[in-house]
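The values are calculated or read from the model by the stated rules, or taken from the named source; none is laboratory data. In this text the structure is predicted, and so the values were computed from the model without any measurement. Every residue, glycine among them, receives a Cβ derived from its backbone with ideal geometry; neighbour counts consider all protein chains shown.
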Amino acid sequence: MSADAGWADLRRLFPALERCVYLDTASSGPVSTPAMNAGQRFYALANAYGNRAADQWYGAVEDCRTRAAGFIGATTDEIGFVPNTSMAITAAALMFEGHGAVVIGADEHPSVATPWLARGYEVRCAARDPDGRITPDSYARAMTSATRVLAVSHVRFDDGQVNDLAALAALARANGAHLVVDATQSAGILPIDVGVGIDVLGFAGFKWMNAGYGGGVLYVRDGLLARYGLPIAGNRSRATESLDEVVALDPLLKAQAFELGTVPVANLMALGAALELVSSIGADRILDRVAALTGRLRAGLARIGLKTASQALSPIVSVIVAESAQALNVMEAAGVHVADRAGRIRVAVSWYNDEADIDRCLEAFASLA
Ligand SMILES: Cc1ncc(COP(=O)(O)O)c(C=O)c1O
């Protein structure tokens, strides 16, 4: 697909969009045709050549690492692969264990909350303001002198709130804490720059990256492994590739060490193709597209008299309805695939949606009134 491909051409890479009005990428995005083809290529290679094709598929995995690094402003040494977000946050929880307490946002996604609880950290929650927001000030109020980690979603799964990562990084730094970010609801739809001061970041590729399950990215800022040590290790966590008897651990002090062993090559080949696709469109074009589509949705909702609980720049529009389970049934019956979250209807708008999708969604909402 060329860099200046039109939206209609790009939309055709997602046959799932022909079957319904798909506005549920925040649950799981349809897999794009390039990602599907790339994943299938692994099985074709392994079927035809076995390990003789290993250089090809491991080459593709390293391409994926390079793309992932460029995508978030990291170096390749700072990128490891994980099967899901929970494992990325668990890597942080293992690495920082014994160094202090954690602050997360109220009602955070389990991928952000549970890894710390499982390791016995003291976890405090930043409260919502009366309007439902969790601002940097409320994170600041939850922090104590014992806090060593601030862990947040970049985009919240429930109301789509976009956390200001630069502000939270500054807050963490000022308190001697590390910023850990779950970017699963932003990767592929909002720009991510670890350079603002993020220490650890993870995302899974099955939502806004449209890469399917099993391929996820872990970023660990350079220097952290040297400072805290590698908390887990396996076959591929060693600085050497020698198969000689292992009597001492010679740890690889790169994010890749968290992969432990062989990686899900097919999933990572799919993720690599997904990264290539999103990068070829460009973050600015995606931002403009999503702003235009969510703007159309918000304006239409206002005309119908429905209120939202989300911010203007979020791809997630959380619509306040009287009875969300019943509203979801009405939307589904109208062929509009959305989700019921936090007692509201969550509409997730991606760049491959179009104006007709938004208008059909609005018609379904109008029928609720
Ligand atoms: C904010 C957020 N993080 C992570 C996930 C997924 O977590 P995992 O990749 O661990 O299954 C989701 C949704 O499923 C999510 O909404």
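Annotations
- Only residues that are over 17 Å from Ala274 (Cα atoms), touching a residue at least 40 places away in the same chain (Cβ under 8 Å) and more than 16 Å from the ligand (Cβ to nearest atom) were counted in the range 18-45, giving 4.
- Yes/no for Ser280 being at pLDDT below 95 and surrounded by fewer than 16 Cβ atoms within 10 Å (Cβ to Cβ): no
- Selection within the range 300-359 - in a strand (DSSP E or B) and among the β-branched types (Val, Ile, Thr): Thr308, Ile316, Val317, Val319, Val336, Ile345, Val347
- Test for Arg346: is it modelled with pLDDT of 95 or more and closer than 21 Å to Gln185 by Cβ: yes
- Count - residues of the range 245-273 that are part of a helix (DSSP H, G or I) and closer than 19 Å to Asn210 by Cα: 9
- Matching residues in the range 227-258 - criterion: being surrounded by fewer than 11 Cβ atoms within 10 Å (Cβ to Cβ) and of a type in the set (A, V, I, L, M, F, W, C): Leu243, Val247, Ala248
Every residue, every condition in (1) over 21 Å from Val278 (Cβ atoms); (2) near the ligand (Cβ under 10 Å from one of its atoms); (3) over 10 Å from the mean Cα position of the chain (by Cα); (4) not in a loop (DSSP other than H, G, I, E, B), yes or no:
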{"site": "Val152", "(1), (2), (3), (4)": "yes, yes, yes, yes"}
{"site": "Asp158", "(1), (2), (3), (4)": "yes, yes, yes, no"}
{"site": "Ala166", "(1), (2), (3), (4)": "yes, no, yes, yes"}
{"site": "Ala172", "(1), (2), (3), (4)": "yes, no, yes, yes"}
{"site": "Leu179", "(1), (2), (3), (4)": "yes, no, yes, yes"}
{"site": "Thr184", "(1), (2), (3), (4)": "no, yes, no, no"}
{"site": "Ile198", "(1), (2), (3), (4)": "no, no, yes, no"}
{"site": "Gly202", "(1), (2), (3), (4)": "no, yes, no, yes"}
{"site": "Phe206", "(1), (2), (3), (4)": "no, yes, no, no"}
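- Failed criterion for Tyr219 (all others in (1) within 16 Å of the ligand (Cβ to nearest atom); (2) part of a loop (DSSP other than H, G, I, E, B); (3) farther than 25 Å from Gln311 by Cα hold): (2)
- Index of the failed condition, Phe96 passing every other in (1) over 18 Å from the mean Cα position of the chain (by Cα); (2) surrounded by 15 or more Cβ atoms within 10 Å (Cβ to Cβ); (3) within 16 Å of the ligand (Cβ to nearest atom): (3)
- The residues listed here are Leu287, Leu297; of these, the one that is in the same structural domain as Arg11 (by TED's automatic domain parsing), outside any loop (DSSP other than H, G, I, E, B) and under 15 Å from Ala364 (Cα atoms) is Leu297.
For every residue, the table says whether it meets (1) of a type outside the set (D, E, K, R); (2) touching an Asp or Glu at 6+ places or on another chain (Cβ under 6 Å); (3) over 30 Å from Ile281 (Cβ atoms).
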{"position": "Ala126", "(1), (2), (3)": "yes, no, yes"}
{"position": "Asp137", "(1), (2), (3)": "no, no, yes"}
{"position": "Thr147", "(1), (2), (3)": "yes, no, yes"}
{"position": "Arg156", "(1), (2), (3)": "no, no, no"}
{"position": "Asn175", "(1), (2), (3)": "yes, no, yes"}
{"position": "Asp182", "(1), (2), (3)": "no, no, no"}
{"position": "Asp199", "(1), (2), (3)": "no, no, no"}
{"position": "Ala204", "(1), (2), (3)": "yes, no, no"}
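- Residue satisfying condition, being away from the ligand (no atom under 16 Å from the Cβ) and buried (at least 21 other Cβ atoms within 10 Å of the Cβ), within set Ile79, Ile104, Ile89: Ile79
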